[in-house]
Amino acid sequence: MKNFILKLKQTSKVQKGFTLIEILIAIAILSIGLLSIAAMQVSAIRGNAKSNKLSQRTTTASNHIEYLLNLPFNDSNLSAGNHDPENDGVDNDGDGVTDEPDDDGELKYSVTWNITDDTSSQKTIALTIAVTSYGSATTLTINTIRIR
Ligand SMILES: [Ca+2]
Ligand SMILES: [Ca+2]
Ligand SMILES: [Ca+2]
């Protein structure tokens, strides 16, 4: 019994509580953890925005490639060389305005493509989607082959 009481006393001594230093250290560690979670959130949001933009561009490029692949093999849009609807002096979309920003069918992007005649029955299409935001230009180029 005596021993038991002694043990109880010792135990209660151990569980006296935390010192101010211990609490400060705990708060500091917690703060570092919370700050790194916040930083992770920021980079996750940035990553999402970036991948969202990339998938929009890829979809836009795919749509234009689809269009070019379905044109007759000898269509003027598939002639060898560079094609730039926003800068070709032609009213491509037939709205009465020449070379306006959406003459290529895209207000947000500049769609250009280059055609290489590989053989008489095969062409390589290199389609580029360009976008300028906050003064910096980003481009995405997709290559595809058109067979007669
Ligand atoms: Ca036009
Ligand atoms: Ca044009
Ligand atoms: Ca455009």
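Read-outs throughout are calculated quantities, based only on the coordinates presented, and are distinct from any laboratory measurement. All values reported here derive from a predicted model rather than from experimental measurement. In this analysis, Cβ positions are derived from the backbone assuming ideal geometry, glycine residues included, and neighbour counts consider all displayed protein chains.
Quick notes on this structure:
- Hits in segment 77-101 (condition: free of Cβ contacts under 8 Å to residues at least 24 places away in the same chain, more than 7 Å from ligand 1 (Cβ to nearest atom), part of a loop (DSSP other than H, G, I, E, B) and within 27 Å of the chain's Cα centre (by Cα)): Pro101
- Residue, nearest to Ser120 (Cα to Cα), within segment 15-52, restricted to residues that are charged (D, E, K, R) and in a helix (DSSP H, G or I): Lys50
- All conditions in (1) closer than 20 Å to Thr139 by Cα; (2) surrounded by 14 or more Cβ atoms within 10 Å (Cβ to Cβ); (3) out of contact with any His (no Cβ under 6 Å at 6 or more places or on another chain) hold for Val111, with the sole exception of (3).
- Residues in segment 62-93 that are more than 24 Å from Val131 (Cβ to Cβ) and surrounded by fewer than 16 Cβ atoms within 10 Å (Cβ to Cβ): 9 in all.
- Single residue of segment 32-76 satisfying the filter (free of Cβ contacts under 8 Å to residues at least 60 places away in the same chain and β-branched (Val, Ile, Thr)) that is nearest to Thr139 (Cα to Cα): Thr59
- Hey, Ser55 part of a helix (DSSP H, G or I), more than 16 Å from ligand 1 (Cβ to nearest atom) and either within 29 Å of the chain's Cα centre (by Cα) or exposed (fewer than 10 other Cβ atoms within 10 Å of the Cβ) (or both) or not: yes
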